[in-house]
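These notes concern the structure reproduced below.
No lab work stands behind these numbers, since they all come straight from the coordinates. This is a predicted model, so every value here is computed, not measured. Ideal geometry is used to build each Cβ from the backbone, glycine not excepted, and the neighbour counts take in all protein chains shown.
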Amino acid sequence: MRLPARSPVATVLLLAVAVACSCAATIGRPWGASAWAAATVVGAALWRCPPRALSLRLSLLVVFWLTSVAALALVRSRHEGPLVALPLLGAPVPQRGLRFLTDVVLKSGLTVTWVTAMAARMSQTDFLRGLNGLPLPVAVASVTYLAVSSLTRVRDDVCQLVRAREARGRARGWLAVSTSAAMARSLMVLCATQAERQAFALAARGFAGRFPTSGVSRPSLLAWAVLPLGAALVWLVRLA
């Protein structure tokens with residue numbers, strides 16, 4: 001089920017507010033972060049977020065956090081300040097690094113939850129209608145749409161690289177590190193090549209800097225009310 005065609009502008013505004021609040025959440029302000037995390041759970045339930053896709057993406061964040069914390073425990077500097085002993089790790093971890101990693105995973109998890117929930121209910125055409133309905137500079141709206149629409153291709157490229165690596169056998173130890181670096185380099189080359197190809201294709205079709213869409217409506221007063229409410233929410237999440 002998708003959102004009605006008349007509401008893409010309000011949906012894009014709501015998504016922008018949700019991402020801003022998620023980025024403002026920090027473990028240094030536990031009340032604000034906890035309140036926004038609870039709001040995120042309620043919002044994901046109301047938007048009928050697909051549980052399978054969300055659990056897969058959040059599990060990758062958990063793996064990233066565990067791997068990074070283990071790396072912090074193995075590679076420590078004498079100038080990193082106080083240490084924190086984690087019961088399951090068996091080795092102290094720098095408090096500053098642990099807090100930074102936890103903040104990154106917290107912000108990423110909240111953002112991923114909102115994006116996953118809203119992406120399941122809004123197509124790329126609705127997203128483009130929402131951008132065109134906002135009083136944004138033409139270049140900002142076009143670049144934002146191109147960046148979002150390119151994420152699917154980047155994901156497909158990553159999956160293709162991983163399948164090709166697994167077909168040749170799993171790498172272990174330092175070979176895995178060098179393999180990951182080679183895959184990242186290949187991904188950067190693929191992204192640059194695709195961006196160049198897309199730019200040439202747009203220029204050949206007479207792209208004038210804006211993607212026109214039909215049925216675009218200007219934001220209503222109710223949609224504009226999202227902005228001051230969103231600013232208040234960001235302030236509360238950041239300072240609570």
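Here are a few things to note about the model shown:
- In terms of packing, defined here as the mean over residues of other Cβ atoms within 10 angstrom, the peptides 127-138, 157-168, 94-105 line up highest first as 127-138, 94-105, 157-168.
- Residue order, fewest to most beta carbons within 10 Å, for VAL93, VAL12, VAL19: VAL19, VAL93, VAL12
- Phi-derived couplings, Karplus 6.51 cos²θ - 1.76 cosθ + 1.60 at θ = phi - 60°, listed residue by residue for region 27-35: 6, x, 10, x, 5, x, 5, 5, 5 Hz, with x used for Gly and Pro.
- Amide H contacts under 5 Å for THR26: ALA33, restricted to partners 5 or more places along the chain or on a different chain, H placed in the peptide plane at 1.01 Å from N.
- Amide H contacts under 5 Å for LEU83, placed H, 5+ residues apart: GLN95
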